[in-house]
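Derivation of every value follows stated rules applied to the coordinates shown; laboratory data play no part. As the structure is a prediction and not an experimental result, all values here were calculated from the model. Here the Cβ positions follow ideal geometry from the backbone for every residue, glycine too, while neighbour counts run over all protein chains shown.
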Amino acid sequence: MKSDMTSIIIYYHDPVEVDPSTSWTGLSSVLKKAKLVDIKTVNDPIITSLFDYARPDAVITVDGLPIVSIEQTQMNPSGHNIPQRFSFHVRSAELGIPSILYYPEYSRRTFSDPNVRYLQVRVPMAQKRLSQLYGVPAVSIFWPTNTKTKLPETSISSHQEMANVVTALVKNSKKKNLMNLPEIQNAFKKMDNCVQKYAKKSNYSENLTIREFFPDGIDSAKINSELSIDPPRKAKLIPTSLLLNSLKIDQNSKENNFQDIKNRKLSLLFSATTSKSGIDSEHPWPGYFTLLDILYARKNNSKTKNQRHFNMVYELPADVTNFASRINQKIPPTATYIVDSFADLIILDGGVITGKPIRGNNKAIPIQ
C-alpha cells in the first residue's frame, strides 16, 4: 500500500476517542495522515448503511470504502453495558465489514465502588459465532486495566494492541479473507481465554426453561462437555403453540404470515422494559436481543434472520398502535427499528405485531 496514493478517513462520534495525542490512532503508522471527520455529517450510503441498527463510535474508510466499524467504551464490562452494543456488530457482518468492540476485560465501576466487574462471556461467544456465520471478523479488543486502580488505563501507550489490529485491517483492506490475519487470530485466542476464565457455573446459572428442551444446553453456547452458557433468565423458551394460544390471536391470518411462526415448535420470549417515555424499549434490550439471536437462535451457516431454530419473540409493555406507527415512519427510531428487524413476533399492550423476519416488508399491522 502506498500511503501517498491512499485516502484514509476516520469518521468519529467523539473527537477525544480518536485524538492522535491520546488514543490508539496516534500509535498506528498508517493512520498518521488520516483525515478526521465528524460521523454525524456523513451522508454516503456506503458508510451510513453501517448505521442501520446503531451508529458506531468510529468508522475507518480506505479510498471511500469502510474497512472497520468500531465501538469503544471505558465502562465496566458487567451486566448490560457491553451486550447492548452488539447490534452494530451484526450490521457490520451483514455488510461484510470487520468490527471491533474495545472495552475493559475487567474494571471497577467508580472510586466509591471498589468491587471489580468482569466481562460477560456471552459477548465474546456471540462475536465468535457471528464471525463464523458471516466469515467476517467481529472481535473484542480488551482495553487495558490499571492493576493498582482497577480502572481503565489512560496512557496512550496502553492502546498499542488496538492500534495493531486496526493497522492490520487497514493494510490488508484489499484482501477478501481477513479471518486469518495474525492480529485477528490473536484476538480470537484472547477472547477464548477470557471465556474459559470467566465461564463458571457459579457465575452463569442454568435457565430452566432452556434445559427443559435442551438438557445439556444449546449446542452453539457450549464451553465444554460439562458447561453451556444459557440465555439470561429474562429470556424464556416455550412451546410456540402455548404462546400463540395465550395471546388469543387469529393464527390463520395470511396477511401476517403466522404460519411461519407456527412452523417453529419453540419460541424464545424476551421480556423488555420501556424507556422513561414509555413508548419504546429501554436502551440495553434491543442490542441484547440481537446477541441472543446470533448466539442461540441462528442455524449454522445462516446469514438471514429467517433461518432460526426457534422464533425470536420480544415482549414490551408499550402501546401497540403507537409502536406500529413508529415502525412505519420514514426513518424509524433506532430501538424500534432494531426490535422490528430481529423479532419474529412483538407482543405489546393492546396487540401483537409480526416483525420484519416474518413480514418481509415494512408494513406493521397491529392485531387487536
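The table that follows gives values for the structure above.
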{"read-out": "DSSP bridge orientation in the chain - percent antiparallel, rounded to nearest 5", "value": "55 percent"}
{"read-out": "Charge-dipole axis of the chain as Lys and Arg at +1 and Asp and Glu at -1 on Cβ define it, positive-most pick from 102, 136, 350", "value": "136"}
{"read-out": "Relative contact order for the stretch 219-359, counting Cα pairs under 8 Å that sit 6 or more residues apart, in percent", "value": "23 percent"}
{"read-out": "For the stretch 219-359, the spread of Cα positions along each principal axis, largest first, Å", "value": "46, 35, 27"}
{"read-out": "Environment charge at residue 96 (Cβ cut-off 15 Å; Lys +1, Arg +1, Asp -1, Glu -1)", "value": "+3"}
{"read-out": "Local net charge near residue 13, Cβ-Cβ under 13 Å (Lys/Arg +1, Asp/Glu -1)", "value": "-3"}
{"read-out": "Estimated inter-spin distance, residue 176 and residue 277, nm [label 7 Å along Cα→Cβ]", "value": "4.4 nm"}
{"read-out": "Per-residue HN-Hα couplings for the stretch 143-154 [Karplus 6.51, -1.76, 1.60; θ = phi - 60°; Hz; x = Gly/Pro]", "value": "5, x, 10, 5, 5, 8, 7, 6, 10, x, 5, 10"}
{"read-out": "DSSP bridge pairs, the stretch 219-359: antiparallel proportion in percent, nearest 5", "value": "55 percent"}
{"read-out": "Sum of side-chain charges, residue 216 neighbourhood, beta-carbon under 13 Å (Lys, Arg +1; Asp, Glu -1)", "value": "-3"}
{"read-out": "For the chain, calculated [θ]222 nm from helices alone, where every DSSP H run of n ≥ 4 adds -39500 (n - 2.57)", "value": "-7500 deg cm²/dmol"}
{"read-out": "FRET efficiency estimate (nearest 0.05) - Cβ-Cβ, residue 331 to residue 247, R0 35 angstrom", "value": "0.75"}
{"read-out": "Signed unit charges on C-beta, dipole axis of the stretch 3-198, positive-most listed residue 50, 37, 115", "value": "115"}
{"read-out": "Amide H within-cut-off set for residue 72, under 5 Å, with H built and near neighbours excluded", "value": "57, 102"}
{"read-out": "The stretch 3-198: antiparallel DSSP beta bridges as a percent of all, rounded to 5", "value": "50 percent"}
{"read-out": "Length-normalised contact order for the chain - Cα pairs under 8 Å, 6+ apart - percent", "value": "13 percent"}
{"read-out": "Selection from 240, 332, 321, by position along the positive dipole direction of the stretch 219-359 (Cβ)", "value": "240"}
{"read-out": "Reported label for calculated Cα Rg over 2.2 N^0.38 Å given (1) 1.01; (2) 0.95; (3) 1.05", "value": "(1)"}
{"read-out": "Within straight-line cross-link reach of residue 40, aspartates and glutamates at Cα separation under 20 Å, skipping those fewer than 8 residues along the same chain", "value": "14, 17, 19, 52, 57, 63, 71"}
{"read-out": "Peptides ranked, highest mean first, by Cβ atoms within 10 Å: ranges 192-200, 91-99", "value": "91-99, 192-200"}
{"read-out": "Charged-residue dipole, Cβ positions (Lys, Arg, Asp, Glu), the chain about Cα centre, Debye nearest 20", "value": "620 debye"}
